[in-house]
Every structure is written in C-alpha cells, then in structure tokens.
1. Please return the ranges of strands (runs of 3 or more DSSP E) entirely within the stretch B:30-113 where 3 or more residues are farther than 23 Å from B:W230 by Cβ.
2. For the stretch A:123-131, check the following and say yes or no: at least one residue is buried (at least 18 other Cβ atoms within 10 Å of the Cβ) and of a type in the set (A, V, I, L, M, F, W, C).
3. Which pairs turn up if I take residues in the stretch B:165-192 that are open to solvent by 50 Å² or more (accessible area, probe 1.4 Å) and look for partners that are part of a loop (DSSP other than H, G, I, E, B) and among the β-branched types (V, I, T) with beta carbon separation below 8 Å, at least 6 apart in sequence or on another chain?
4. Would you tally the residues in the stretch B:224-259 being in a loop (DSSP other than H, G, I, E, B) and either farther than 13 Å from B:A501 by Cβ or more than 9 Å from chain A (Cβ to nearest Cβ) (or both)?
5. Please go through the stretch B:201-218 and give me each residue that is among the hydroxyl-bearing types (S, T, Y) and within 24 Å of the chain's Cα centre (by Cα), ordered by number.
6. Would you please name the residue that is nearest to B:L152 (Cα to Cα), looking only at residues in the stretch B:92-101 that are touching a Pro at 6+ places or on another chain (Cβ under 8 Å) and crowded, with 17+ Cβ neighbours inside 10 Å?
7. In the list A:L13, A:L62, A:L29, which residue meets the criterion of being exposed (fewer than 12 other Cβ atoms within 10 Å of the Cβ), outside the structural domain of A:S171 (by TED's automatic domain parsing), modelled with pLDDT of 85 or more and of a type outside the set (D, E)?
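The values are calculated or read from the model by the stated rules, or taken from the named source; none is laboratory data. Just so we're clear, the structure is a prediction, and the values are computed from it rather than from any experiment. Reconstructed Cβ throughout: ideal geometry from the backbone, glycine too, with neighbour counts over all protein chains shown. Protein only, heavy atoms only, side chains kept; ligands, DNA and RNA dropped before computing areas. Shrake-Rupley method; radii C 1.70, N 1.55, O 1.52, S 1.80 Å.
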Amino acid sequence: MFAYILRRAGTTLPVMAMVAFFIFSLLYLAPGDPAAMIAGDQATPEDLARIRESLGLSRPFLAQFADWSWRVLHFDLGKSIFTGTPVTALIGQRMEATVSLLVMTLITAVLIAVPLGVIAAWKAGSLFDRAIMAFAVFGFSVPVFAVGYMLAWVFALQMQWLPVQGYVPLSEGAWPWLQRLLLPALTMSFGYVALIARITRTTMLEVLQQDYVRTARAKGLASRGVLFVHALKNASVPIVTVIGLGIAMLIGGAVVTESVFAIPGIGRLTVDAILRRDYPVIQGVVLMFSFVYMLINLLIDVSYTLLDPRIRY
Amino acid sequence: MKRRDVLKAGAAGALMPGFAIGQQAKVIKFVPQADLALLDLVQTTGLVTRNHAMMVFDTLYGMDNQFQPQPQMVAGHQVSDDGKTWTLTLRDKLAFHDGTPVLARDAVASIERWAKVDVLGQLMRAQLDELSAPSDKALRFRFKKPFPLLPLALSKTSGMCPIMPVRLAATEPSVQVTEMVGSGPFRFVPGERVPGSRVVYQKFAGYVPREGAPAFTSGAKIAYVDRVEWHTIPDAATAAAALQSGEVDWWEQPIPDLIPVLRGHKDINVQVHDKAGSMAMIRFNQLNAPFDKPAVRRALLAGITQSDYMMAAMGEDKLRWRDNVGFFLPGTPYANDGGMASLTSARSLEKVKKDLAAAGYKGEKVVMLVPTDFAVLNAMSEVAGDYFKRVGINLDYQSLDWGTVLQRLASKQPIDKGGWNLFCNFVPGIITTSPPLHTYMRGVGAKGTFGWPESAKHEALLDAFFGAAALPEQQRLAREMQLQAFQDVPYIPTGLMLQPAAYRKSLSGMLDGSPLFHNIKKA
C-alpha cells in the first residue's frame, strides 16, 4: 500500500508540471493584458508601455515561464500584479473560508443524502421514493445561484434569522462562523444532495437484492441494522467515489456561491484574478486546485481498501 | 449540562427572530462599485482607487460644489506680478499618518511624481522652470509663462495629486506605492485588508481640518465616524439584500433594476450625490477606416438620439440622466450651445445614410468592441449597434469581457490584425468641467488616449485657454472648442448619467460629489 501511495504521489509531479505549462501558455495566448487593466480606459500608449515594462510582461514567453517555474520549485508562487501580496498569502487568507464552506457542505449533503437514498431504496416504488427522486431531478435542474437567492430571501430578508452575506472566521466565535455558513452550505449542498441520494439509492437497490441481505433478514435482524450496517457498507464504494468526485464539483460551485454570498474564498479569488488578468494569482490557484484534485483521487483510491477488503494495490 | 440542554440553547438562538447583525456604533459599512485592486492613484485612473485616495490623502487645493479650486492643505498663495511665479504656503499642524509633519519637500516630491503621469500635470511640468521648497512651509513654482490653472491642476479629483511623504513620493510612477501614508482624515489599515473583499479605514486623530463649510473636496474635512469598512459584494442582488437587512449602510452604485425596490424601503435613501455624473459617449478609432475621415464621423451625428442610450443604460427615470448634452458638463461655466444643433435638430436616418455615402463610406467592415460584463456599456452598445446597422454600417459586433476590451483598445493595428473601430464608454463628468481636464477632447494623436484623435485646432485653442485668466475669455474659447469638436468628432456624446447612491437613513451629512466619508454622521 505504501509503495502504491508513493508511486501515485510520484505521478502527480509530471501531471502538475504539465498543468503548469498548459495554464501558463493559455494565459499567454488568451486575450487580455494586466497592464491595460491597471492603466484603465484613459491610458496613453506611454502609460501602457511603462506599466508593462515594470511588470516584466514585455519579456519573451519562455523567459517568463522559466522564471516562474524556478520560483515555484522554491515554493514561491509570486506576487499579485495588483495588490503586490504574495500569492501564497492570498491563498492562505482565503483558504479558511472555502474549506469551511466545503466541509460544511459536505457534512450537510452526506448527512441528508445518504439516509434519504437508503430509505428510498428500502421503500422503492413508494410515494417517499418517488418524492426523493423528484427532488433529485429538481436539485439537478435548479441553478445554484437561484437556490442561493431564494434561501437568502426567505431566511435573511423575510425571517431575519441569518445574515445575507460575508464570512466570519472561526476564531471570532463558532456561532457567528456558523451563521454565515449555513445559507451558502445549504445552497451548495442542494445539487450535491440530489446526486448522492440518487447514487445511494441505485447502489442500495442492487445490494438489497443480494442473498446475504435476505439471510440477514431471515435471521431476524432489525431493518435499521440490515440497511445501515450490512447493506450500506457494501454499497459504499460507488457512494464514496461520487462523494469524492463531487468535491471537485463543489470547488467549481464555490465560485458561484462565494460570489452570491460575498464570501472571500478561493473561488472569488480565482474569478477576480481571471477578470483582472492577474496572472500569478491564476497560475498559483490553478496549480493548487490541480494538486487538491489529485490528492482527493488518491484518498478515494486508498479508502477503497478500507471499505472493501477484496481490493488490494 | 445535558446534551438536550445544549441542543435547546442552540435551537433557541437559531429561532430568535430579527436579531441584530454585527452593527457597531460609528462604523460605516460601504459597498464600493468594485473591489479596490490598486492602492496607488498615480498608476491608474480607476474611480475606486480615486475614492480610496480621497480618504487617505489630502490635496493642496480642494474643489467646491461649483468645481472651482479652493485652498485645502495650503493656507494661501502669492502670485508674482508677471503671473509666472507662484508661492504656496502650507497650513500649520499638517501631519502624515505616520506622525511626521507634512513639509514642503514632501509636497514637491509628490507633485513631481504625479506630474510625470497625469495629462494636466505633464502640461504643467512642460511649462515649469523650477519647482522647489525654499522652506518647510513654502513651495515655489516658476513657470516659463503665466500659468493661472495651477490651483485647478492641484485640485483635480480625477487624476488627483496625492500628497505623501517624500520617501514614498520618490518611488518611480511605474512602481506601485503600497504603503499608504497620507495626511487625509482617514487612515488606511493594511492589516485588515482582504484583497477582493474588505478594506478598512480609521479616523485619523491627528488630522487638523481647515475652517469653512465642507463642499466636495474643499472646506473642513471632519471625520465623525471612527471607522469605515469597504465590503466588496460582487452580486447586485446580494448587495441590495445586505443594505435592506442593515448589514451594510451604503451602496455606492445600485443597479437601475433594483432602485425601485430600494426606494420603497422605509429605512433607505436613494439619492444622486454625484451631480457631475458620468458623460457617456461613442468613441472612434481615428487610425482606421472609415472613421479616419471626419466627414464619416460627422455624418453619424444626425441620427443619434441621446435619450435612447440613456434609457437603455439608466432606465426611464429622467432624474437619473440628461440628454441634449454636449462636450462639457451641463450647468458648469464652460457648457455651451456651440454646435449643439448637430444633436438636437430633427433626427433622420435617411440623412445619415446620404451623408455617409457622400463622405465616402463604401461598406467597409466596422469592428465594435462590447464589454458584456459591464452592464451600462453593454446596454449602450446594444443601442449603438442597432443604430449603426440601421444606417447601413457593415458592423462586426464583438462581445467580449472588459479585460479583453481594454487590451484590444490599446491596439493601433488595422481591424484584420486585431484592431478596432469604435466602442461605447463613459468618463467621470468632472473631467468634462474644464477643457484642460478633458482628456477625451484632446487632439494629440498617437500620444493621446484610445482613439488617438488629432486636432491641431483643438490643441491651439487649449493652448490659448492656458493663458486666459478671465472667465469670459475662457468661455469663448470653450465654445470654440465645442464647435471644433462637432467638426472633428473625437467622440459622439450620448448623454449624462446620474448614478444614485443608496444608503440607510441612519447616515446624514453626505456631501455632493464622489463618495466622501468626512462630514457623515451615523445615528
């Protein structure tokens, strides 16, 4: 197992190098110019040339890429063109909000979706099952921002239970932190619940047809035990896969949710950087995302061995 | 404590209706039009950076509600009999936020840095023989010829001249100054800044306001609140909701669609404070055919209906816009009716078509750059695009994002190599209050801003304006300039947009002009 993890970790390096080169090339070829963004719409050619020169943007592509790669190898992702803040500091500043949001969403979604999927499979064909499946279709169909607006209107504006926007770090208190996260986490978990519930139901339906389940029932085990101890464990590999892949989906969803709820997270950092052509920030964030994706995939693969003893690497 | 007690307590907290959300006394929470990306005003003409600079930095002269310069950091000035030498004396007890006194050499270094970049500053610099600090309190300007516009240049609000310590002002203009040490009524708090999300300012206890009633950037700048927080909220609906719920106090630029909702709220004021607004326009690239021909640009004037552009951008409420607007801000001393018949006479698309043909337009492709992520410009572009098609222009309507538009605008190439022909834009109305400030009227060709119009006649009139000390003569010259502009057509004016701000009624004392935080009291 250890050798497998090492092997997998080794493969991440060339992949990340390719991602880095791809992103750098893409930004170089894509339209847009940070100097033009800085100078604004009343700039003169002199202004633009002066700013480009000071940012080193007039240097050849390969020289810029070599410089950047060398810095990355020394764990220096550069500085934001606009704020002058190191990219690692910017990511660090935003990390807590995004991680909090993702973890809260993940917990909310799994706690809601897995029991719903299990019960839907248990009561397959019933009104409850149909209601869950209808919700799943609805969850997939409604855009994240629409859910966000709806929840904010109900719980923040009408009922005044929760704030509309912003983020408070956990260090300033658990309740203020939770208050600001509830609506965004519910918003993001909407589609995710639908996905997990559907997959859980399908997998559970298959497992519930197995002989050992029938045996367990014949032996007089309680339904709860059969479902959540015996059947769910054996259905868990596809569910964990979907949950893991869903995290990638959530990172994408965070971009929208963080904008709707004005949460200063990595998603908004990425969007702002792209709109401003803040190249070092875009490159740093994308590199970090690619690392996170690979790490999640590795963790999913490793978790299979824990869930199913037949799987060995 | 039992598990159930904890759950009950949590549930009770969650269900408590209408709890107060984090509002502290004497803190203004403000939603700017966009995030404060750049701190250094000398590097950008961005309005958000300007608004930030107005809090942190003071200027030697301020501007009053009539857009006239008034002494601000200076106690007064003396002008030599020949009008060539100005001696400015600083007020007593001026101090920077780092505790050091403001000295004349700080001001000199700040002016030198600013004058390398600013358009009017460059004109001033070209006329200077000497700029020095003969004492800690005195600045001396010695010009080659009389320069009556010095106070105007130093009072500019768009492209203002921020006074900072000499150690920072010595930084090359191409390098961003990120340490914000000014002498304004508010102090920047770098440790609390979250780029893209939050900027914090604190009242500067060492600020000594001058006497006199506050008006725009002149007079007494008294900070009545302890702290100002800027919260960037990118989503308009969220910003509106935050204002309604009282989480923020002031939203700088509510979008037209949401104004009726905010107006209907009992605790919210919606009011236009920036009376100079924004002057909208269609700007041509004069390097590329067909708009390299003045007659083609002129031909288009006869079909422009400014109200169409204004309604698309600002809605139907006429309090939020004005039409029949020329090249100077209506209601200011240089606004005039010279050549206005070009925009106010009966509109005729047939005339436009005939004039275009007569001017030699032969159906060449015209590239229009449209920033679809910039709501106001997108709306105006749709109207303009429709107009150009109706008068027979072979239009290539290119939908882009603002970042790409800015890059494309810098291109002087022909259109088949990434160049462009026209785009819709607006400029702060305040720069159209006086010819020397009006960068979009300039005719300096390739050295000017995007579009690069060339007009020797305009430049000659502007040169004469610099030497004219009396208002009637200046007004005559401004009228000549407008008449010339309707011949050259550096751009087509499409109206004046008056953007209202929305704020809680707990705020009072808001001054007219761009967002200013001094003089505001919070109940």
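1. B:69-71, B:74-79, B:85-90
2. no
3. Listed pairs, sorted by first residue: B:T178/A:T83.
4. 14
5. The answer is B:Y201, B:T217, B:S218.
6. Among them, the one singled out is B:L94.
7. A:L62
Results for (1) over 19 Å from the mean Cα position of the chain (by Cα); (2) surrounded by 14 or more Cβ atoms within 10 Å (Cβ to Cβ), shown as yes or no for each residue.
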{"residue": "A:R217", "(1), (2)": "yes, yes"}
{"residue": "A:A222", "(1), (2)": "yes, no"}
{"residue": "A:K233", "(1), (2)": "yes, no"}
{"residue": "A:A254", "(1), (2)": "no, yes"}
